[in-house]
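No lab work stands behind these numbers, since they all come straight from the coordinates. All of these numbers come straight from a predicted model, not from anything done at the bench. Heads up, the Cβs are rebuilt from the backbone with ideal geometry, glycines too, and the neighbour counts pull from every protein chain shown.
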Amino acid sequence: MVKKLWGGRFKDATNADAENFTSSIDVDKDLYSFDILGSISHVEMLSKQKIISRGEKNKIIKGLKKIKSEIELDKFNFSHELEDIHMNIEDSLTKKVGTAGKKVHTARSRNDQVATDIKLYIKSMAESLKLDIIKLQKSIIKKSEKNIDIIIPFYTHLQRAQPILASHYLLAFFEMFLRDTERINQTIQRLNQNPLGACAGSGTSFTIDRFYTSKKLGFREPTRNSIDSVSDRDYVIDTIYSCSIIMMHLSRFCEDLIVWNSSEFNFIKIGDEFTTGSSIMPQKKNPDILELIRGKCSLVYGDLISILTNLKGLPLSYNRDLQEDKIPLFSALKTSIDCVKIFTRNFDSIEFNTKHIMSGMNLGFLTATDLADYLAKNDIPFRKAHHITGNIVAYCEKNNKNLSSLSLLELQKFSKVIKKDVFNFISIENSVASKKSYGGTSKENVKKMVNKYKKILLKSK
Ligand code: ARG
């Protein structure tokens, strides 16, 4: 039986089932490197403040580094009896360096320790998630430039709406991911205060220097209220929320690509290496990866609900409920990182079926709005122009024609203002080229935006 760190007050050993039930080591061992980092800064501070000796500090740091390498070489024996990562490391440290190890927890509690570890974990994982998103953004730019001449319809209500550049469509996702990286930055900015030194929740009578540990650990400053420091998990919510939105954006992107990949749309081809076959239907090439990403979005939403519910009505300050925060946090971050990574590779493999897209561009009266705009520019009030165009579309439908196959005479039956130049307005290419308003889909605009995005990416890295 392992001797408990709090052994002094207890007569009887902990019940084995209770021990297993309360143990979190299987999950929180992922915090090991941050826990060790925190402990090293802590003892450096204790030594600087003459709370422990330099010799003790050096012994502790050596021991902690040894533990780190044991964990990394898979030689560390994690024990459920020692409950969590903090006690597993402290116990091993004491075994390694003796009495000095027993001093590592001076002026510290697991309550401030775990909060510090989690914040460090988030900073590191969210940063790498951000870098993965930036890679995806680079891929979007690359594909947008490569396919700058491809025109596709965009949809509202999943009904054909107007012609646009495929690049313009892809860059819509660039904007979403840009907001996502901003959200990550804000999350990190907001959590960037160091809880270490809040101890159990009231601070300490030792003359610690929290500004020193904050600086060492890369925090902007120490947290300002010791009770809040050990109770707060807003940053866990912020992080999972940021992940949820990333996953939501990915799931919408996936959905569009899945639809575009269907035989009915046939806008794109996904690389063989990112599709799977069916065990029964030999002709199938399924976009499983995209579907799985779409599916995994639900797991991350579940993580968000889980942490929100954990905190609802939870009395201040630390309660053991908070131990459960790591499960949704780790899950959300890991799932998001995995999904962004694999999505990017899948996206890179996609090619547009230009011929097929072009052959269908006459379907759905995509330039009807341009025709209405033409009439409006010829002094017909827009509402009336809309009505006239509606009549023309109905005429086309009845006679199985499309807008560009109507003769000038046919068009003039609906309005006298229509002249030969109308055909410039209702051609697919001209429709796209005419959308020069800021943020519109003209090639001129899209190229400018691509340059702007490139500059933004340069600054973000
Ligand atoms: N394993 C705990 C957690 O993750 C560490 C803090 C325990 N604190 C306590 N007072 N029992 O929340």
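In loop segments of segment 220-255 as defined by DSSP, the trypsin sites (Lys or Arg not before Pro) with at most 14 further C-beta atoms inside 10 Å of their C-beta are ARG220, ARG224. Computed from the C-alpha gyration tensor, the three semi-axes of the ellipsoid equivalent to segment 339-379 are 37, 15, 7 Å, from longest to shortest.
You can think of it this way: the chain between ASN192 and SER33 has 55.4 nm of extra reach, that is 0.36 nm per residue less the Cα-Cα gap.
What FRET efficiency do you get for ASP17 and ALA200 if R0 is 25 Å and r is their Cβ-Cβ distance, rounded to the nearest 0.05?
So, using R0 = 25 Å, E works out to roughly 0.40.
Which lysines does LYS459 reach when only Cα atoms under 18 Å apart count, and residues fewer than 8 places away in its own chain are ignored? Straight-distance partners of LYS459: LYS130, LYS135, LYS138, LYS142, LYS448. Convex hull volume of the C-alpha atoms in segment 238-330, normalised per residue: 125 Å³. Within segment 25-131, the proportion of C-alpha pairs whose separation exceeds 18 Å stands at 47%.
Note that segment 128-267 shows a convex hull volume over its alpha carbon atoms of 126 Å³ per residue. Each principal axis of the chain carries a Cα extent, and these read 100, 52, 39 Å when sorted largest first. In the chain, helices alone account for a calculated mean residue ellipticity at 222 nm of -20000 deg cm²/dmol, with every DSSP H run of four or more residues adding -39,500 (n - 2.57).
Each residue, LYS384 and LYS75, gets one label point 7 Å from its Cα in the Cβ direction; the gap between the two is 8.9 nm.
With N residues in segment 292-338, what two-decimal value do you get for its Cα radius of gyration over 2.2 N^0.38 Å? Before the final figure, lay out each step's value.
Working: Rg = 12.1 Å, N = 47, 2.2 N^0.38 = 9.5 Å.
For segment 292-338, the normalised Cα radius of gyration is 1.28.
Building the convex hull from the alpha-carbon atoms of segment 349-461 and averaging its projection over directions returns 9.7 nm².
Against the main long axis of the alpha-carbon atoms of the chain, helix 32-48 sits at an angle near 50°.
Report the chymotrypsin sites (Phe, Trp or Tyr not before Pro) located in segment 401-442 that are in a DSSP loop and have at most 15 other Cβ atoms inside 10 Å of their Cβ, or state none. Sites meeting the loop and neighbour criteria: TYR438.
Measuring max minus min along each principal axis, the C-alpha atoms of segment 418-461 give extents of 52, 14, 9 Å (largest first). Between 0 and 90 degrees, the angle of helix 443-460 with respect to the longest Cα principal axis of the chain falls at about 10 degrees. Between the beta carbons of GLU429 and ALA172, assuming R0 = 30 Å, the FRET efficiency works out to 0.90 to the nearest 0.05. In the chain, a dipole from Cβ-located charges (positive for Lys and Arg, negative for Asp and Glu) runs towards its positive end, and of GLY218, GLY201, ILE289 it is GLY218 whose Cα lies farthest in that direction.
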